[in-house]
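The values are calculated or read from the model by the stated rules, or taken from the named source; none is laboratory data. Computed from a predicted model, the values in this text were never measured in an experiment. A quick note on method: Cβ atoms are made from the backbone with ideal geometry, for glycine too, and the neighbour counts reach across all protein chains shown.
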Ligand SMILES: Cc1ncc(COP(=O)(O)O)c(C=O)c1O
């Protein structure tokens, strides 16, 4: 009989989106006349199609696969050099120097943030913010690692800072944050890098939403901070930047400088370990996708993506304006596609979910799904269509 990884028994049922779907279905069945009015602002998925240059590049790449001279089979596990270099150029244009060979191209920040746990032994102390993108918690729970939570609250603007009394080995940071939309500034990230260097810890920095940052003073990469290459891995994705949620392209930067001591007095390089892991378990992101993904990082490609992001930003502005009018304080919405606010009238998040569905036919995401500290909060996303977002906000405005 196989001995199972019983840590899976400790992973909480991911009931958030299933429960949302269930409640919406019940509402539709009991109020069929209102079913068509439902507006979904809960999803974290994009609604705009891929940009012109990406589509053109996809077609080109498909055609090149039809010709034996240009056909490509297996590619490098780390990604094609043309794609790594395109990303390194993009970093450079944003004022950050990253070596192309430190960039590993992959098929999703979800897979990479999950798979990275393999590089770390079980007896690490893992520091995770609450509220949080649930993947960090679930993947470490599957590994049986020891998770400590740091509180993201109204008092710290949902941006937990290092606590010298807590000795962590692995620290997850996500900025701009899902679900709170909060974004660390330079001084705050400097404090985290200083903590990591002092405590020999590693920061796993998820910057999947970096392209949504408009404030030029806010870092778009952890490597904007001096010393970060000695203590941080960065995860990034084209999912929200370029509408690749269904197309799949991400990249993870594991600098060569990341070297830690082993228990037998030697050293191991995280870069070499990740390389070994990818070469063993991953056969690369499809050539066609890398070819199209690389176009995103050109000036023209990014300009098109920023036009789409601008569209979502306008939705975020409408949501923020409505909340302001209502006197509801919130985080996010400016440098982030997410808007996070305290549920009105002291409601808990599931109670507010039902209230909003019943009285405005608007679906959002209850904060309870992201951790204890989210239980009185609610997340709306700016990824919907303008007309729907506008309509949803008009309905919201006429409530309570
Ligand atoms: C913070 C964060 N990281 C990673 C991801 C996953 O991105 P990908 O689509 O590249 O797997 C998401 C997606 O919602 C996210 O919110």
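Could you please find all residues in the range 91-115 being within 16 Å of the ligand (Cβ to nearest atom) and either part of a loop (DSSP other than H, G, I, E, B) or surrounded by 22 or more Cβ atoms within 10 Å (Cβ to Cβ) (or both)?
103, 104, 105, 106, 107, 108, 109, 112, 113
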* Given (1) touching a residue at least 40 places away in the same chain (Cβ under 8 Å); (2) more than 30 Å from residue 314 (Cα to Cα); (3) in a loop (DSSP other than H, G, I, E, B), index of the condition residue 204 fails -> (3)
* Count of residues meeting criterion [without any contact (Cβ under 8 Å) to a residue 12 or more places away in the chain and within 16 Å of the ligand (Cβ to nearest atom)] in the range 215-244 -> 0
* To do: Have a look at 382, 349, 398 and point out the one that is at pLDDT below 95 and at negative phi.
  => 398
* In the range 262-306, how many are closer than 21 Å to residue 197 by Cβ and in contact (Cβ under 8 Å) with a residue 40 or more places away in the chain? -> 4
* **Selection status of residue 92, touching a strand residue (DSSP E or B) at 6+ places or on another chain (Cβ under 8 Å) and closer than 28 Å to residue 275 by Cα** => no
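Listed here are the residues, each with its yes/no results for (1) outside the structural domain of residue 393 (by TED's automatic domain parsing); (2) under 21 Å from residue 244 (Cα atoms); (3) over 21 Å from the mean Cα position of the chain (by Cα).
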residue	(1), (2), (3)
271	yes, no, yes
277	yes, no, yes
289	yes, yes, no
310	no, yes, no
322	no, no, yes
* Scan the range 174-181 and give yes if some residue there is at pLDDT 95 or above, within 20 Å of residue 132 (Cβ to Cβ) and away from the ligand (no atom under 12 Å from the Cβ), otherwise no. => no
* To do: Read through the list (1) crowded, with 17+ Cβ neighbours inside 10 Å; (2) in a loop (DSSP other than H, G, I, E, B), then give the number of the only condition that residue 48 fails.
  => (1)
* To do: Filter the range 245-263 down to residues that are within 16 Å of the ligand (Cβ to nearest atom) and out of contact with any helix residue (DSSP H, G or I) (no Cβ under 7 Å at 6 or more places or on another chain) and give me whichever is nearest to residue 174 (Cα to Cα).
  => 245
* **Scope the range 117-135; condition surrounded by 22 or more Cβ atoms within 10 Å (Cβ to Cβ) and either away from the ligand (no atom under 16 Å from the Cβ) or not in a loop (DSSP other than H, G, I, E, B) (or both); matching residues** => 126, 127, 128, 129
* Asked: Is it true that some residue in the range 18-39 is closer than 22 Å to residue 208 by Cα and in the same structural domain as residue 386 (by TED's automatic domain parsing)?
  -> no
* Among the residues of the range 291-309, is there at least one that is within 30 Å of residue 115 (Cα to Cα) and not in a helix (DSSP H, G or I)? -> yes
* Taking the condition outside any helix (DSSP H, G or I) and crowded, with 22+ Cβ neighbours inside 10 Å, does residue 189 pass? -> no
* **the range 136-157 - residue that is assigned to a helix (DSSP H, G or I) and more than 16 Å from the ligand (Cβ to nearest atom) and, of those, surrounded by the fewest Cβ atoms within 10 Å (Cβ to Cβ)** => 142
